[in-house]
Each structure stands twice: as structure tokens, then as C-alpha cells.
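Chemist: The structure's right below; bear with me while I get my questions together.
The values are calculated or read from the model by the stated rules, or taken from the named source; none is laboratory data. Just so you know, these numbers come straight off a predicted model, no measurement behind them. All Cβ positions, even for glycine, are placed from backbone atoms using ideal geometry, and neighbour counts span all protein chains on display. For accessibility, only protein heavy atoms count, side chains too; no ligands or nucleic acids. Shrake-Rupley method; radii C 1.70, N 1.55, O 1.52, S 1.80 Å.
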Amino acid sequence: MLFKMKGFLGSLKGDRQFFNKLFVLALPIMIQNFIVSSLNMVDTLMIGKVGEDEIAALGIANQLFFMFNLIIIGVTAGCCMFISQYWGSGDKRRIKNVSAIGLTLIFVTGAIFTLAALVFPSPILGLFTDDLRVVSLGVDYVKIVSLSYIMTGISFFLAGALRSIGSARLPMVVSAIAVLINAGLNYIFIFGNFGAPKMGVKGAALGTLIARICEIILIFILAFKKGSVLKGGFKEYFGFDKAFAKKIMASAFPVILNEALWGLGMTFYTAAYGQIGKEAIAVMQICNTVLNLMMVACFSIANAAMVMVGHEIGGGDIPKAKVYAERYAVISFILGLLMGASILIFSNPILSLFNVSENVKNAAVTIFIIFAVVSPVRAMNNSCITGIFRGGGDAKFALAVELVSMWIIGVPLAFLGAAVWGLTIEQVVILTTAEEVFKVIMCLIRFKRGKWIHDLTK
């Protein structure tokens, strides 16, 4: 075995530094992600009480933000590979240079998406539905909420940069305040409480816009306060040459492409499930919602792994980076086992909250069992690809593995099973687990060979 449990446990004895860093980084990220995920669900339930057309409008309107969000996640992750390593090497000037490139990319992308939402809202939303009322409601929402795109992107990037230099509490506090403001304003504006006009989807958009304004003000105050690593003038940020910019873009682009293709792949999976029928889509909507909530801890561990491994590689301590990486791989596997057990324990109580047919419930129970079995492998894959390998500057390999596993194995099998072989949704989901099996084999081989380590500060 690559990871021996006895040796792993023995290596942890007396290593308080590792655990201190782990909890300082992972716990705030976990809390932040859980708050955001939970309140997003609450917001959806609020709109759902207004009507089906309104919730459908919110769904199609958020497709535009979903695409923008994938890009800002990719830009942030790509730049944070460098920021974490430069922090490890003590090069604060380069941290500002990388941040300047990332913030510029996000500003330009945000401006393009905002302009598209304001000028061509109906044609864009019309791609997702031909229901004119739903499109009209979606246009009302997106024209307001699109004004927050640039602010959302900048806030997300700054939060990622702060986490990469070991300051995870500040983004957690800011995010918690912003989402609470958002939920409170949605309650007021959607339903017309406390004397406010009843605005429906427009109220949801207005609540989001105000919350984003509050968020970016708070994150700017904290990120650029006196003594902060990110505080600096224009020359400090943009004092780099074209060669440096090309270097950053060459390494960041695979991460951006990775996130974009992953999002597109999830859309194709939904299309494949739709070949089986609307019940199959309902089943996967329920199961994926629960899985995403359960995966919060795994995403947080992966984020912490990227930062800590990057710090050690940037600082020149390659042996310690390898030790930290191995520990994170094992921790993620154990976390996956716990997540699988939680899915099995809570699946029936969760399903009781949904007003769906017995067929949907029975299929969901089976898929939850499949998810539970695969969850340790899924958690380790997530930790390696979005955490360890990115921290090691190995974005190109991560992209290659994701491309092959999703687009050559997972998506084709989903369509073959659903449209050609006439399989049930449960059988199709079993087929698609081949993606995770292939991925974990490739990740373990790469990890064992040590080729994932690249010092980006050189």
C-alpha cells in the first residue's frame, strides 16, 4: 500500500505544528462553505414559496453566474498556487504581482458577463427555456444581480489570496456576515416584510446585490489594512514584466480550463440523466444536493492541503511537503469513510423532507448507497487534484486526468447507459463511478512517483 496507516499515525505523534495549521486553515473554510451551502438552500426555499415559475427563473438566471463562477474559481485557484508558494519562500512582492494579474482577469471577465446580462438577457436566458413568463422573470432577476458580478469575483479572489497566506478566519467572518445579510434582505424584499414592497425575484436579486456591496467593503478593509501582505501601491502590484505574466498565465490556464470543463461535464451528465426521464433528473437533483453538502469538509481539506503543501515547496522543504501531502491524502480517505457512513445514516430522514414519489425515493436510496461506497475514493481524488497537486504546481496533470476521466470515460458511459443500453438511473450511476476509479489509480501513481512537485518560485 502507498499509505500505511500505522506509519501514518506514528508520524503524527508530537507534530502539533501540522494540526495547528490544519485546523487554522481547514476549520474556517469548512464553516464558511457550510454556511454558504445552507443559506443557498434557504434562499431557494424562499423563492420556492413564491411559485414554480419564480424558482425556474432563478434557476436559469443563475446559469449565467454559474459559468462566470467557474472562471473566477479557476483564476483564483491558478493564482493561489503561486501565492501559497511565494508565501513559503517569503517573496511578498511576487504575491502582489500575482494578485494584480488575477484581479485584472476577474475584472475583465466580470465586465464581459455583466455587459452580456444587461444587453442580451432575453436571448441568453431563452437558451434554457422557451417559457416566456419564466424568461421574463429571469430577466428581471439577472439585470439587477449582474451588477454584483465584478464585486463577487474580486471578493472571492481576495478571500482565496488571504487563505493562501494562512489567514483563513477573515474570509470566513466576511462570508458569514454577507450571507446572513443576504438571507435577511431576501426575507424582507421577496415577501415584502417590515413595510418593504413585495418584489419576488427582483427582491432576491436586490438582496444579493446589497450583500455583495457589504462583502466587498468588508474584505477590502481587512485585506488592505495596515501591515497586511496585500497592502501596496499601484507600482508594487503591477511592477512585473511580460515574461512573468506569461509564466503565471501558462500555469493558471490549465486550472481555469479544468474548472470550465468540469462545469460543462456536469451539464452533460444532467442531459444524459434526462434521457431516462424526468424522475431520473429529480433523483439526481436530490442526491447531488445532499452530496455537495456532505462534501464541504472534503473541499475544505483540499484547500488546506493546497496552501500547506505550497508553503513547504516554496520554502524549499520538499521532504516536509511530501509528508504533509501523504497525511492529507490519508485524512481525506478517512473523511470519505465518515462521509459515506453519514450518507447511509441520514439518507432516509433527508428523503422524508421531499414531496416526491416512492419510485424517486427508492432510486435515491440506492444511489445514496453507491455514493457512500465511492465517497472515500471521491474524497481522496478531490484532495489530490484540487489540493495536493495544485499546491505542488502540477495543474497540467490534474487537467489531463479530469479530461480523460470525465470526457472519455464518465460522460460517454452515462450517455451509452441512458440512451443506448436503456439502463435505469441506478445502473447509469454505477457505470459513471468508473470515472472515480480511473482517477484514483492515476493520482496514486503520480503521487508515488513524486512528479507532482514543481517549485513555481524558481
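Chemist: Looking only at region 271-296, which residues are open to solvent by less than 20 Å² (accessible area, probe 1.4 Å) and either under 17 Å from the mean Cα position of the chain (by Cα) or charged (D, E, K, R) (or both)?
Modeler: The answer is Val290, Leu291, Met295, Val296.
Yes or no, residue by residue, for (1) at pLDDT 90 or above; (2) aromatic (Phe, Trp, Tyr); (3) within 22 Å of Gly450 (Cα to Cα):
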position: Trp262; (1), (2), (3): no, yes, no
position: Cys287; (1), (2), (3): no, no, no
position: Lys320; (1), (2), (3): yes, no, yes
position: Ala329; (1), (2), (3): yes, no, yes
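Chemist: Of everything in region 202-244, what is among the small types (Gly, Ala, Ser) and either in a helix (DSSP H, G or I) or closer than 18 Å to Gly102 by Cβ (or both)? Give them in sequence order. Working first, answer last.
Modeler: So the first thing to find is which residues in region 202-244 are among the small types (Gly, Ala, Ser), and the list is 203-205, 207, 211, 223, 227-228, 232-233, 239, 243.
The answer is Gly203, Ala204, Ala205, Gly207, Ala211, Ala223, Ser228, Gly232, Gly233, Gly239, Ala243.
Chemist: Can I ask one more? Among the residues of region 160-176, write down those that are among the hydrophobic types (A, V, I, L, M, F, W, C) and open to solvent by less than 10 Å² (accessible area, probe 1.4 Å). Outline the logic, then answer.
Modeler: Start the filter on region 160-176 by keeping residues that are among the hydrophobic types (A, V, I, L, M, F, W, C), which leaves 161-162, 165, 168, 170, 172-174, 176.
Listed by number, the residues that qualify are Ala161, Leu162, Ala168, Val174.
Chemist: Next question, about the same structure. Quick one: what pairs do we get from region 171-194, first residue in contact (Cβ under 8 Å) with a residue 60 or more places away in the chain and at negative phi, second among the basic types (Lys, Arg) and open to solvent by 50 Å² or more (accessible area, probe 1.4 Å), C-beta under 9 Å, 6+ apart or different chains?
Modeler: Asn182/Arg212; Ile190/Lys49; Ile190/Lys198; Ile190/Lys202; Phe191/Lys49; Phe191/Lys198
Chemist: Report yes if Ala304 is open to solvent by less than 20 Å² (accessible area, probe 1.4 Å), small (Gly, Ala, Ser), touching a residue at least 24 places away in the same chain (Cβ under 8 Å) and under 14 Å from Gln17 (Cα atoms), otherwise no.
Modeler: Working: open to solvent by less than 20 Å² (accessible area, probe 1.4 Å): yes; small (Gly, Ala, Ser): yes; touching a residue at least 24 places away in the same chain (Cβ under 8 Å): yes; under 14 Å from Gln17 (Cα atoms): yes.
Yes: the conditions hold for Ala304.
Chemist: State whether one or more residues within region 205-212 are under 22 Å from the mean Cα position of the chain (by Cα), of a type in the set (D, E, K, R) and buried (at least 24 other Cβ atoms within 10 Å of the Cβ). Lay out the reasoning, then the answer.
Modeler: Step one: of region 205-212, the residues under 22 Å from the mean Cα position of the chain (by Cα) are 205, 208-209, 211-212.
Those left that are additionally of a type in the set (D, E, K, R): 212.
Adding the requirement that they be buried (at least 24 other Cβ atoms within 10 Å of the Cβ) leaves none.
No, because not a single residue in region 205-212 is under 22 Å from the mean Cα position of the chain (by Cα), of a type in the set (D, E, K, R) and buried (at least 24 other Cβ atoms within 10 Å of the Cβ).
Chemist: Right, here's the next one. Would it be correct to say that Ala395 is surrounded by 18 or more Cβ atoms within 10 Å (Cβ to Cβ) and at pLDDT below 90? Break it down into steps so the answer makes sense when it comes.
Modeler: On the way: surrounded by 18 or more Cβ atoms within 10 Å (Cβ to Cβ): yes; at pLDDT below 90: yes.
Yes.
Chemist: Considering every residue within region 271-285, establish whether at least one is more than 28 Å from Arg449 (Cα to Cα) and basic (Lys, Arg). Give the steps one after another, and end with the answer.
Modeler: Filtering region 271-285 for residues more than 28 Å from Arg449 (Cα to Cα) gives 271-285.
Subset that is basic (Lys, Arg): 278.
For region 271-285, residues more than 28 Å from Arg449 (Cα to Cα) and basic (Lys, Arg): present.
Chemist: Out of the residues in region 130-148 that are of a type outside the set (A, V, I, L, M) and assigned to a helix (DSSP H, G or I), state the one that is nearest to Val201 (Cα to Cα).
Modeler: Residues of region 130-148 that are of a type outside the set (A, V, I, L, M), as a first pass: 130-131, 133, 136, 138, 140-141, 143, 146, 148.
So of that shortlist, the ones also assigned to a helix (DSSP H, G or I) come out as 133, 136, 138, 140-141, 143, 146, 148.
Details: Arg133: 12, Ser136: 11, Gly138: 8, Asp140: 7, Tyr141: 6, Lys143: 11, Ser146: 13, Ser148: 15 Å.
For region 130-148, the residue satisfying everything is Tyr141.
Chemist: Quick check on Pro376: is it free of Cβ contacts under 8 Å to residues at least 24 places away in the same chain and not hydrophobic (A, V, I, L, M, F, W, C)? Quick ask: steps written out before the conclusion?
Modeler: Values: free of Cβ contacts under 8 Å to residues at least 24 places away in the same chain: no; not hydrophobic (A, V, I, L, M, F, W, C): yes.
It is false that Pro376 is free of Cβ contacts under 8 Å to residues at least 24 places away in the same chain and not hydrophobic (A, V, I, L, M, F, W, C).
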